[in-house]
Amino acid sequence: MTDQFQPGRPIVLRGGTVLPMDATKSVLRDTDVLVVGDTIEAIGPNLSVPEGTQEIDARGGIVMPGMIDTHRHMWQTAMRGYGADWTLTQYFVFYYLQHGKSFRPEDIYAGNLLSAIEALDAGVTTTVDWSHNNHTTQHADAAVDALEAIPGRFVFAYGNIQGGAWEWATTPDFRDFVERRMHRGDMLGFQMAFDVTGDPAFPEKAAFEVARDLGATVTTHAGVWGATNDDGIRLMYDNGFMTPGTVYVHAATLSDDSYQRIAATGGSVSVSTESEQSCGQGYPPTWVLRKHNVPVSLSMDTSVWWSGDLFSAMRATLGADRSREHLEAHKNGDTVTHSHLRADQVVEYATRGGAAALGRDNLGQLAAGKKADVVLIKNDSSPVMFPLLNPYGHVAFQAQRGDVHTVLVDGKVVKHDGKLVGIDLAAARTAIESTVEYLQETLGTEAWEAGMNPDIPETKVLDNPYTYTDYRSASTHEA
Ligand SMILES: [Zn+2]
């Protein structure tokens, strides 16, 4: 922690363009945000502030709530970028069938640590750790150790791809872990993370009962092409487990009937547009979720492909939604003249939408009394920070993670002037290096290389009756 920011002293961000994410999506120009303790004390022009308040110059910048990622497999950040060319099938084979079990608790720790730091750096102040490689509770302990080492807000969503939910959720070890580590403090929430296969015997029922017993919400990959479908939704509904607060991840290949059940039972969908585009869970679903008024939050899914950066998520989501709208219209010979999905809505998905999905109405907005999770987007040396005409459009299409100037979580400065504050990136680097070395050694060079470079299917280039040579000779001939 630099001397500049001493714990306990109030902080004021002066003169920024503030997006409070209120119901009317206001834009407040030349406005101050005063933070006292862990709370937003006041928002307004030229605020008078208590003696000793530390000032951050927000002029020329955008002040918005900390962003919220409702689904990220943080452990996989240990293999950042490795699966850039994977399909979902290759991902399943690698982690579920072949190599997921190679991860030791310290590897889960390393991935989580780096992912947690990366989130704060990008202005993501709350992240759901969809932690689904806890083949022992020591792995889960390591995951939570990492989350507790970083001053962000997290929700630990316990899961385990190496076994059925009805198996791990009903063990004394799991109960013991929850009692020891999941105290549901303000900085660390708890969910249970598992998928519903659609098996008519509904073995997942036992895990839902544990969740109900523990008062935990469930987050589940639903509507994933070839993996989970309407059958899972129907089983959950018929057995009374589509409860408010349930988060349906992707929900990209479901029928209208399933979307209606989600909307009617108080659930929400975590849309990971970049993931759905590359992996094939189905078309990024905001275009259909809008029709059913299903609440939306955003997520990045995994850094084995993408970075944990909600600017990318907002941009990709706007693009995918508009692409689909155009395509649907073109099918009918029509032209879209007005876009439905607006920039302010994707900013809302990334902030207030995430807070609503997690049942946290004191997050995702800037208003007196809300938690002080605040992001300042400002970069005086960037040609992209002006003119600042349409601030929501600026956040969605112009800004990027490198423009995140200052981040507060729970009133504490964790990034300032573009640099992390009080965070040991070197320790994360050391942990990651040793995990990568261990994984390479365990898998062997050949499997490691093959995993990263999947075969490319043959592409047949279609016959082309026109050739450059013909074109040239024809024109020469004419001359
Ligand atoms: Zn996922």
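Right, residue 96: under 22 Å from residue 428 (Cα atoms) and either modelled with pLDDT under 95 or part of a loop (DSSP other than H, G, I, E, B) (or both) or not?
Working: under 22 Å from residue 428 (Cα atoms): no; either modelled with pLDDT under 95 or part of a loop (DSSP other than H, G, I, E, B) (or both): yes.
No: the conditions fail for residue 96.
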Enumeration of residues in segment 279-295 that are more than 16 Å from the ligand (Cβ to nearest atom) and either hydrophobic (A, V, I, L, M, F, W, C) or in a helix (DSSP H, G or I) (or both): 286, 287, 288, 289, 290, 291, 292, 294
Among the residues listed as 355, 313, 320, the single one being within 16 Å of the ligand (Cβ to nearest atom) and modelled with pLDDT of 95 or more: 313
Cross-chain or 6+ apart pairs with Cβ under 6 Å, segment 57-74 first and in contact (Cβ under 8 Å) with a residue 12 or more places away in the chain and within 11 Å of residue 405 (Cβ to Cβ), then hydroxyl-bearing (Ser, Thr, Tyr) and more than 16 Å from the ligand (Cβ to nearest atom): 62/17
Test: residue in segment 184-194 that is touching a Ser or Thr at 6+ places or on another chain (Cβ under 7 Å), assigned to a strand (DSSP E or B), in contact (Cβ under 8 Å) with a residue 60 or more places away in the chain and within 28 Å of residue 428 (Cβ to Cβ): yes
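State whether one or more residues within segment 302-311 are assigned to a helix (DSSP H, G or I) and farther than 17 Å from residue 86 by Cβ.
Taking segment 302-311 as the starting set, the residues that turn out to be assigned to a helix (DSSP H, G or I) are 310-311.
This time we only want the ones that are farther than 17 Å from residue 86 by Cβ, so: 310-311.
Within segment 302-311, one or more residues are assigned to a helix (DSSP H, G or I) and farther than 17 Å from residue 86 by Cβ.
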Subset of segment 358-368 that is under 14 Å from residue 21 (Cα atoms) and either touching a strand residue (DSSP E or B) at 6+ places or on another chain (Cβ under 7 Å) or aliphatic (A, V, I, L, M) (or both) - its residue that is surrounded by the fewest Cβ atoms within 10 Å (Cβ to Cβ): 368
Among (1) within 13 Å of the ligand (Cβ to nearest atom); (2) touching an Asp or Glu at 6+ places or on another chain (Cβ under 7 Å), the one test that residue 301 misses: (2)
Selection within segment 239-277 - surrounded by fewer than 24 Cβ atoms within 10 Å (Cβ to Cβ), within 16 Å of the ligand (Cβ to nearest atom) and within 24 Å of residue 210 (Cβ to Cβ): 246
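Listed here are the residues, each with its yes/no results for (1) under 20 Å from the mean Cα position of the chain (by Cα); (2) not hydroxyl-bearing (Ser, Thr, Tyr).
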site	(1), (2)
158	yes, no
161	yes, yes
172	no, yes
178	no, yes
195	yes, yes
214	no, yes
219	yes, no
224	yes, yes
245	yes, yes
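Just one of 302, 337 is of a type in the set (Ser, Thr, Tyr) and free of Cβ contacts under 8 Å to residues at least 24 places away in the same chain; which is it? Explain how you work it out, then say what you get.
On the way: 302 fails: free of Cβ contacts under 8 Å to residues at least 24 places away in the same chain.
When all the criteria are applied, what remains is 337.
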Any pair with Cβ under 6 angstrom, 6 or more apart, that starts in segment 125-137 at a residue that is within 15 Å of residue 99 (Cα to Cα) and at pLDDT 95 or above and ends at one that is more than 16 Å from the ligand (Cβ to nearest atom) and of a type in the set (A, V, I, L, M): 134/140
Count of segment 310-335 residues which are surrounded by fewer than 24 Cβ atoms within 10 Å (Cβ to Cβ) and in contact with a helix residue (DSSP H, G or I) (Cβ under 7 Å, 6 or more places away or on another chain): 8
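The values are calculated or read from the model by the stated rules, or taken from the named source; none is laboratory data. Treat the numbers as computed from the prediction; the structure is a model and nothing was measured. Every residue, glycine among them, receives a Cβ derived from its backbone with ideal geometry; neighbour counts consider all protein chains shown.
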